[in-house]
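The values are calculated or read from the model by the stated rules, or taken from the named source; none is laboratory data. Owing to the predicted nature of the structure, the values given are computational and were not obtained by experimental measurement. Backbone-built Cβ (ideal geometry, glycine too); neighbour counts: all protein chains shown. The area values use the complete protein model at the heavy-atom level, side chains included, leaving out ligands, DNA and RNA. Shrake-Rupley method; radii C 1.70, N 1.55, O 1.52, S 1.80 Å.
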Amino acid sequence: MSEHPACRETVLNEIPEIVRQIVPGNHPDEVITALHRIPSRDAQWAPMPDWIRPELAEAYRNKGIVRLYSHQAEAAERIHSGKNVVIVTPTASGKTLCYNLTVLDAILTNPDTRALYIYPTKALAQDQLAELQDLGRRVEERFGVFTYDGDTPTDARQSIRSRGHVVLTNPDMLHSGILPHHTKWTRLFENLRYIVIDELHMYRGVFGSHLANVLRRLKRITRFYGSNPRFIFSSATIANPGELASLLIEDDVEVLDGNGAPAAEKVFVFYNPPVVNRFLGIRRSYINETWRLTQKFLKQGLQAIVFANSRLHTEVLLTYLKQDNPMPPGSPEIVRGYRGGYLPIERREIENGLRNGTIQAVVTTNALELGIDIGSLDVAVMAGYPGTIASTWQRAGRAGRRKGGSCAVLVASSRPLDQFIVKHPEYFFSGSPEHAYIQPDNLEILVNHLKCAAFELPIEPGENFGEPDLDMICKRLAESGFLHKSGDFYHWIQEAYPANAISLRSVSSDNFVIIDETDRPEVIGEIDFSSALTTVHPKAIYMHGAQQYHVERLEFDQRKAYVKKVDVDYFTQAIQYTEVGKLEVEAQCGTSGPAVKAHGDVKVRSQVVGFKKIKFYTLENVGSGKLELPEDEMHTTAYWIALSRELLDALPFTVSERQDGLSGLLYALESVACLLLMCDRMDLGSTIGEGAPGSTELRNSWGETPESQKNEFFEPTLYLYDAYPGGIGLSELLFRLHESLLARTLELIAGCRCERGCPSCVGPVGETSERAKDAALAILQRLQTDSESVERISEIEENESA
């Protein structure tokens, strides 16, 4: 990595040509579908505010900062005047200084002032700690800065509570380690003036809904201690930052979305893998194309970051790149992996290697999408569309920063959403980023946090905790033995510690520890409960840092997975079945027609029942196995379309072809739904169930139907459900967008140039019959034809009931 900067700049300008070198000679425009140049931008400056204390201004001067970018100056003024603000600027625009300047000035002016910084991950908090400690040393250690998370030593915690002017933590530790013990944090809460919440765009879905309730509890406690802190948010670009921030704190928030930071030129390339079979619409593997592109960049001496959308694909790409770039024994690796599950010391080592240039490439999940400082990289390669415009820009922004040109390459998979994006680049480059949805009043989430709130402080008469009727909920909790009413106050009376039973990010709060017992037992990583079932099940090949391990056994009671090193030429992929049952219908229309659209509450049960062995490079299926693992169960909300037997009887297809048509239709509906809702594809689940009330059907994650089901005609229901306990409101939005969903899906399938179905519309022919595309189109056309009459019938029914 010692290449001269001018030489590297020349290579960066040639990146489009480097990409073209691996494109077949014919149809190059079908492969490189967009070559978008983002011009460089000059800085817009503003003077340092005159109210900043001289010693703090001097500290920044010694760091080379004598004036501010225009957005930094504006943010500092708004925060100084006591406003709640959300700062929305791109990656590497100096968001941290926007709030550090005002917060540290307030602490130096009044040493009793306290601030709480909340980051979504421990790694981000550690990254910011170094910056604040450096400033502290420059002002003669006049303020204390500490991280407070699960890794904080017990003997240091008391000192942090008393000496910490700025405490850096994460939502999980605030929820379970600070708020329940607020009496030990009296000094912090009595003097709390600022609360900084970084990476606002991360708080969507269930995580954001949980955080909103954690902040309700935090505000209760600050009111109890007599403080009224201001909230400062920072965010990457999303469509509704002000709305999201206001929902989180239930107060007004000003949006600051100017950007005065400079930026170097960036080239953005959309790469659609070449078609190898036009009849079936089959393209080259996007994983293999990502590997080939990245290897080209490494050969040119460029430093690259590669994003994959799953842990498995991260490890597969890492394996390929390490085999292409072997190092002599004892030499440090120049290609590394980075994802959740790696131990903290390993992640810090990789971050340092990227900053100092000893690591030439890193393959990662979304773990490095956030603002952790990894230096100025040359190229960002994305293996598949991340699911949202906002995430794509975040990943692209990890290359380049403020100086030196950079390139981002999006390698599209065959999924319909990926294909839509690369075939309609104008939608991406001119379109609005996604909305972030949360539902703080989701009863399952709210009631759990209300229990925590009662543990922390008695619930007072007339108090509010969201929109639901608080007195009614408290009465129910009292009847269940959780609360006791004494006078007008409700008190927590259980011995249990409620916060311990609530995970802010997943269904289960338990992680599995992964233990390598090849030689002496050694912990090599950890994994959350739901991922453990698909990743470290018995007989799985678990990959960590491109090293393969065979899972010997999985101990559920102890939450441990035992593995041994192996060297095989395949990886494993779990087979998962999903079962959906209706619990309650919230709204429906079309009960008199051939199809009913509805939304309501459902129960989703999933189970890992087997696995496939997939060969490296060729991706052949070379074997399989059966498993018996525990079921996961979740109550959530769903939108569904129930098709009548009358509609299906009119189709000129066999029962098996109808089934494949339904699977293909659901495959397309899910992709279009993500586009319409502007949500991440991980936010939605899908399956097909029996239409009779209360009945269910099992289907696996590839949309296959058991043979017993194919032999018996049934009335199917297409489900799209919120992939979070209790739901976050997506299914209700789909119910309202029903007409648009059908129209866009019809446009997607009919507009695809394949003849019999492909991964870009209804799924590959190998997984469906040759008439799946025709069957899906026929069903959609009948749904659209009946749609207007269904709406009219629904209006008549509503008028009659009224």
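Can you pull out every residue in region 273-299 that is among the hydroxyl-bearing types (Ser, Thr, Tyr) and either modelled with pLDDT of 95 or more or touching an Asp or Glu at 6+ places or on another chain (Cβ under 9 Å) (or both)? Within region 273-299, Tyr286, Thr290, Thr294 meet the criteria.
Screening region 494-519 for residues that are among the acidic types (Asp, Glu) and assigned to a loop (DSSP other than H, G, I, E, B) and picking the one that is modelled with the highest pLDDT gives Glu517. Contact annotation: residue pairs with Cβ atoms under 9 Å, 6 or more positions apart or on different chains, pairing a residue in region 218-243 that is at positive phi with a partner that is open to solvent by less than 10 Å² (accessible area, probe 1.4 Å), are Gly226/Phe189. When restricted to residues that are under 17 Å from Glu315 (Cβ atoms), outside any strand (DSSP E or B) and at pLDDT 90 or above, region 520-538 contains 3. Residues of region 162-183 that are more than 31 Å from the chain's Cα centre (by Cα) and either at pLDDT below 95 or loosely packed, with under 14 Cβ neighbours inside 10 Å (or both): Ser162, Arg163, Thr183. Within region 211-243, the set of residues being more than 26 Å from Glu456 (Cα to Cα) and not charged (D, E, K, R) comprises Ser234, Ser235, Ala236, Thr237, Ile238, Ala239, Asn240, Pro241, Gly242.
Taken over region 522-543, the criterion of being in contact (Cβ under 8 Å) with a residue 24 or more places away in the chain, open to solvent by 60 Å² or more (accessible area, probe 1.4 Å) and more than 23 Å from the chain's Cα centre (by Cα) is satisfied by Val523, Lys539.
When the test is whether a residue is touching a Phe, Trp or Tyr at 6+ places or on another chain (Cβ under 9 Å), buried (at least 22 other Cβ atoms within 10 Å of the Cβ), farther than 23 Å from Ile445 by Cβ and at pLDDT 85 or above, Ile641 passes it. Looking across region 303-312 at every residue that is modelled with pLDDT under 95 and either closer than 18 Å to Phe616 by Cβ or of a type in the set (Asp, Glu) (or both), the one that is nearest to the chain's Cα centre (by Cα) is identified as Ser310.
When region 554-571 is limited to residues that are more than 22 Å from Ser530 (Cα to Cα) and not in a strand (DSSP E or B), the one that is most open to solvent (accessible area, probe 1.4 Å) turns out to be Asp567.
Pairing residues of region 419-444 that are farther than 25 Å from Tyr286 by Cα with residues that are assigned to a loop (DSSP other than H, G, I, E, B) and open to solvent by 70 Å² or more (accessible area, probe 1.4 Å), at Cβ distances under 6 Å and at least 6 apart in sequence or on separate chains, gives Asp441/Glu467. All told, Ser2 falls short of being of a type in the set (Ser, Thr, Tyr) and modelled with pLDDT of 80 or more.
Yes/no per residue for (1) surrounded by fewer than 19 Cβ atoms within 10 Å (Cβ to Cβ); (2) closer than 21 Å to Glu657 by Cα; (3) modelled with pLDDT of 80 or more; (4) within 25 Å of the chain's Cα centre (by Cα):
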{"position": "Ser701", "(1), (2), (3), (4)": "yes, yes, no, yes"}
{"position": "Gly726", "(1), (2), (3), (4)": "no, no, no, yes"}
{"position": "Phe735", "(1), (2), (3), (4)": "no, no, yes, yes"}
{"position": "Ser740", "(1), (2), (3), (4)": "yes, no, yes, no"}
{"position": "Ala743", "(1), (2), (3), (4)": "yes, no, yes, no"}
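Name the residues in region 539-553 that are within 21 Å of Gly337 (Cβ to Cβ) and either among the basic types (Lys, Arg) or not in a strand (DSSP E or B) (or both), would you? The answer is Ala540, Gly545, Ala546. If you check Pro416, Pro433, Pro425, Pro386 for being modelled with pLDDT of 90 or more, over 23 Å from Glu14 (Cβ atoms) and of a type outside the set (Val, Ile, Thr), only one passes: Pro386. Where in region 15-116 are the helices (runs of 4 or more DSSP H), entirely inside, with at least 2 residues that are among the hydrophobic types (A, V, I, L, M, F, W, C), modelled with pLDDT of 95 or more and crowded, with 19+ Cβ neighbours inside 10 Å? Hits in region 15-116: 54-62, 70-80, 95-109. In region 595-667, counting only strands (runs of 3 or more DSSP E) that sit wholly within it, the ones holding 1 or more residues that are under 17 Å from Leu741 (Cβ atoms) and in contact (Cβ under 8 Å) with a residue 40 or more places away in the chain span 595-615, 632-643.
Among the residues making up region 648-690, those that are of a type in the set (Val, Ile, Thr) and either at pLDDT 90 or above or within 23 Å of the chain's Cα centre (by Cα) (or both) are Val672, Thr687, Ile688. Residues in region 392-416 that are touching a Ser or Thr at 6+ places or on another chain (Cβ under 7 Å) and surrounded by fewer than 23 Cβ atoms within 10 Å (Cβ to Cβ): Trp393, Gly397, Arg401, Lys403, Gly404, Ser414, Arg415. Tallying residues that are farther than 18 Å from Asp373 by Cβ and not hydrophobic (A, V, I, L, M, F, W, C) within region 70-99 yields 10. Taking the criterion of being in a loop (DSSP other than H, G, I, E, B) and among the acidic types (Asp, Glu), the only residue of region 668-687 that qualifies is Asp680.
The residues of region 443-493 that are open to solvent by 60 Å² or more (accessible area, probe 1.4 Å), aliphatic (A, V, I, L, M) and assigned to a loop (DSSP other than H, G, I, E, B) amount to a single one, Ile493. Candidates in region 424-442 are the residues that are farther than 24 Å from Phe270 by Cβ and of a type in the set (A, V, I, L, M, F, W, C); of these, the one that is most open to solvent (accessible area, probe 1.4 Å) is Ile438.
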